[in-house]
Each structure stands twice: as C-alpha cells, then as structure tokens.
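The values are calculated or read from the model by the stated rules, or taken from the named source; none is laboratory data. These numbers were taken from a predicted model, which means no experiment stands behind them. As a convention, Cβ positions derive from the backbone with ideal geometry for all residues, glycine included, and neighbour counts pool all protein chains shown.
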Amino acid sequence: MSIELDSSPIRRPLPDVGTLTGQLVSHFIDSVSTRNTLLGDAISGDVTTMTTKCREVGDRVIAGRDVSHELSWFSAAAASWAREGVPIDTMLLAFYEALQLSLDVLCAPEAAHDRDALVDGLRTAMAISNLMSTTMIRAYFREHRGVVGEHRTAARALASALLAGRATTTIARDCGIGIAENYRVIALSIPQDAEDHRPPLDKPMAARRRLRRVRAALAHHREDALAMLSIEGGTVLVPGEDPDDTRLDILIEELSRAARLDISATSITTTTDKIPDAAQRAHELLDVIGRLGYTPRLYRFEDLALEYQLTRPGPGLTRLGQMLEPLDAHPDLYETLRVLVANDMNRQRTARLLHIHANTVLYRIRRIQTLTGLDATHTAGLWQLKSAVIARTFALSTSSHQRLAEGAATAPVTHVRLER
C-alpha cells in the first residue's frame, strides 16, 4: 500500500517531517502513560517497536513506497490494546494532540519553507495521520467487537444460571465473572411504539434496533449488569447494594431515552440464592402495573405492596371487585375511576388523559359515590375505591386470559395439506 497525492507519490523529503513522525509517536505513548499508569504499562513493551515502525511509515509514505508490512504491525498492536482495555478515545486524543504539535512546527513563522513546500508538508502529515489512524481504528474495533461479544455471551450464560438457581463457582469461573452476595433484580417492559406507522415488515427491525440501543445504554451505564433481554423486555441483575438507590431510577430513565419510549420497571433486592423467586415476584409486579395502567417508571416492591397483596387470589379479591358492580352499566364512570387511580387520584391529569374538563371528573366522582356508596373525598372511601379498582382489574384480566385459553383449547383443529 502506498499513498499518492495529485496522482504522484510524495517523494521529496521535507525538513522536520521524518523527525516529527517519531515525535508524534513518542508523544502518543507519553500521553497515554501520563493519563493512566496501568494503560501505559500495558503497552510499554511496544514503545520502541512502535517508534521505529512509525518512523518507517513516515519515510516510506514520503518516498511513495509500500507500507503494508508496517501497517500490519499497527493492526496487531491496536488489537492488543483493545484486549487490554485501552480506551479508543484516549488513543485518538493523544494521537491528534501529537499531530497538532507537528503542524504547529511545520507552520511556524520562522520555518524557512516556501508555499509549495508547506502545502506538500501538510499533505504529507495528513496522509500519514489518515493512514495510521484508520489502520488502528479498524483493527481496534474489529477486536473490540469480538471481546464485547465474548463478554456478552458469558454474561448471558451467568445471568441464565443465576435466574435458574444453578449458578456455581465453576460456572462463574468459566464465564470469568464473579458472583456477588446480593443483587437488585429488575424486571423490564419495553413497549412497542403504538404510533409506529412503518410497514409490518419494518416493525421487527425497528424493535431489534431499539433493543440494541437499550443494551448499549445498559452496558454504558452499568457495565457490571447481567441481562436477559428481548424486544419486549426481560430481566437485569445488578450486583451489590448501592447506598444511593436513586441511581436505579436514573438507569431506567437512561434506558428509556435509548429506547425512545417510556420503559416500565420493577426492582427487588435479594440474596443470590433467592434470585429465581425475586425475579418471579418482580415480573408479577410488572404485570400488575401494566394491567393497572400505571405511569411508566421504576417501582420498588414497597411502592406496590398494596397492589401486589390485593391481586393475590382469594375471597377478599372477589368481594372487593364486586363493590364496583353498580358501575357495569356506566363504562364512562368506571374508566374515569380507573384512570384516576392509575394517576394517583390526580384530577387534572385524569382530565387531560380523558380529554374532558376537570369539573367533569369531579361530577363523575360524585356519581360514583351515589352508585357505590364509596366517597373518594374521604380517606376510607378512597382506599376502598382504589382497592376495588385494583382487585377488579386483576379479576377481569384473569377472566379474559382464562376465556382465551379455553377458546384455544376447544377450537377445532384445521389440517392443512402442504404442497411440495
């Protein structure tokens, strides 16, 4: 590989260009070592070879000769930096700082270069910069994708083992990821865009892209998290107990921004051996807030303790649901009450969602009191109404699921002959 400018190789050596090439690499190494001692140590063995190779690249580019052999060394070095965890932004920042120093010297007022020589020198410096940086970046990211893929596979395997209750030190050792004593189990629901007007064939692709953005955001904000995610959501395991619990709220907000949709989530803190039960409960809570239409955000178990208990099967659940039977003939009243409960009894927000006046909401609340005998303006009546809506919503959803299951079980089976 050789570099040509204006259809002819760069052959005429310019003052300082060869020397500056070596200085560029030295500055690059010094910059990395100064900013992070560990990173400097990781590539310290390459310093001498790199300086020599870079000098050779500069000389060969200036002379218009092939540099494929030298660039193969840079590719291998960049790949090793990716494996060592040297950040690409650190590499590029140091590299371009050095390039800037080179151009400052080339363009110094006291430099005795005519215009043609100066332009030729700038072109040479840019050619060397482009050649070396693109070579390193391409090799770095090719290797980085492989490293990330291996880690994601290992993390998924460990998450699967933890959620199944069969995680062992052997599995952790095979995955290369340690097992914590405690985890925050987070159940996620990624909604589908109701206003997505793409053709049917494009919607699965959009969902997969959304999932990739969510995974990337999760890796960026919590690289220690273990996740089992699909386009509809899944489970995330965050190791340890963070005293600043608000970071979980921020995490869900970041994931929502990445998805470009509002994500609902529930969180339960548990010990490692109880992860399967905690995951089951977290997803039950997620199902509860979905059925009740609660505002998408992160909910902890204590936020939903009442709702969770009220949705457990039993005679109390049935009796609570029956308290709202007088509203069966008035669907507008029941829908108003349901939205009111979902929005924490906020009349103004309920009015906006139902596209009615706030006074209309108040009127309907009074009608509900007349029909059911429960007064939402008093604490006792408010609790009973809220509890009844929760119980009734769960009971109706359960009945609907049962009818669908029974219908599927009794539906006639149609045998279709497939033509070859």
Exercise. Give the residue, chosen from Asp287, Asp273, Asp224, Asp249, that is under 15 Å from the mean Cα position of the chain (by Cα) and modelled with pLDDT of 90 or more.
Key: Asp249
Quiz item: Any idea which of (1) β-branched (Val, Ile, Thr); (2) buried (at least 17 other Cβ atoms within 10 Å of the Cβ); (3) more than 21 Å from the chain's Cα centre (by Cα) is the one Ile268 doesn't satisfy?
Solution: (3)
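Tally the residues that are modelled with pLDDT of 75 or more and surrounded by fewer than 20 Cβ atoms within 10 Å (Cβ to Cβ), restricting the search to the stretch 143-160. Break it down stepwise before answering.
If we filter the stretch 143-160 for residues that are modelled with pLDDT of 75 or more, which is where we start, we get 153-160.
Filter once more, keeping what is surrounded by fewer than 20 Cβ atoms within 10 Å (Cβ to Cβ): 153-154, 156-157, 160.
Of the residues in that region, 5 qualify.
Yes or no, residue by residue, for (1) basic (Lys, Arg); (2) more than 24 Å from Ala282 (Cα to Cα); (3) out of contact with any Cys (no Cβ under 6 Å at 6 or more places or on another chain); (4) modelled with pLDDT of 85 or more:
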site: Thr311; (1), (2), (3), (4): no, no, yes, no
site: Gly314; (1), (2), (3), (4): no, no, yes, no
site: Gln322; (1), (2), (3), (4): no, yes, yes, no
site: Gln348; (1), (2), (3), (4): no, yes, yes, yes
site: Asn359; (1), (2), (3), (4): no, yes, yes, yes
site: Ile365; (1), (2), (3), (4): no, yes, yes, yes
site: Ser400; (1), (2), (3), (4): no, no, yes, no
Quiz item: Got a number for residues in the stretch 287-307 being touching a Leu at 6+ places or on another chain (Cβ under 8 Å) and buried (at least 18 other Cβ atoms within 10 Å of the Cβ)?
Solution: 6
Quiz prompt | Within the stretch 280-299, tally of residues that are in contact (Cβ under 8 Å) with a residue 60 or more places away in the chain and farther than 19 Å from Val214 by Cβ | solution = 4
Exercise. Can you confirm whether the stretch 378-385 contains a residue that is under 39 Å from the mean Cα position of the chain (by Cα) and surrounded by 17 or more Cβ atoms within 10 Å (Cβ to Cβ)?
Key: yes
